[in-house]
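Please treat every number below as a calculation from the coordinates, not as lab data. Everything quoted here is computed from the prediction, not taken from an experiment. With ideal geometry, Cβ positions are generated from the backbone for all residues, glycine too; neighbour counts draw on all protein chains shown.
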Amino acid sequence: MTDTKPHSDRLGAKLNRPSRELETFPNPNPERDYHIEIRSPEFTCLCPKTGQPDFAEILLDYVPDQLCVELKSLKLYFWSFRDEGHFHEAVTNRIAGDLVAALDPRYLKVTARFNVRGGIYTTVTVEHRKAA
């Protein structure tokens with residue numbers, strides 16, 4: 001379950017274990033549209049068929065509304081998938097859904113570029129636009 005409580009009292013707490021809690025902080029400039037781009041080149045999960053590790057680069061691009069994601073919580077969130085089996089399409093949509101639930105951004109795009117498996121590279125892109 002994703003913690004979608006804004007301004008968590010745990011912000012900055014010392015955690016060194018995987019966590020599905022996405023912490024947020026207030027957008028310092030909510031009056032303006034601007035993009036936040038985050039690149040995480042070390043995402044891992046397991047193939048749900050073979051149990052072998054899958055490696056991916058996760059690219060996040062979002063336009064915040066009232067909240068921004070705290071980066072350490074995002075790192076620990078990504079880490080939480082490490083020992084779980086997920087299809088590429090499912091895990092990318094899960095990440096996008098959890099971020100939308102936590103942030104309610106004006107725009108969000110999650111791109112997962114998975115490394116080769118069986119001679120095939122997979123890239124999954126999920127986009128979300130806030131209803132006007």
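So here's what we get for this one:
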quantity: Beta bridges per DSSP with both ends in the chain, % antiparallel, nearest 5; calculated: 95
quantity: Given charges at beta-carbon only (K, R positive; D, E negative), |dipole| of the chain in Debye; calculated: 220
quantity: Exposure proxy order (Cβ contacts within 10 Å, fewest to most) of Asp54, Asp83; calculated: Asp83, Asp54
quantity: Three-way shape call for the chain based on the alpha-carbon gyration tensor, with the a/c threshold at 1.5; calculated: oblate
quantity: Cβ-based charge dipole, the chain, positive-most Cα from Phe81, Thr122, Thr50; calculated: Thr50
quantity: Candidate aspartates and glutamates - alpha carbon under 20 Å from Lys49, same-chain residues fewer than 8 apart omitted; calculated: Asp83, Glu84, Glu89
quantity: Set of aspartates and glutamates near Lys72 by C-alpha distance (under 12 Å), chain-local residues within fewer than 8 positions excluded; calculated: Glu21, Glu23
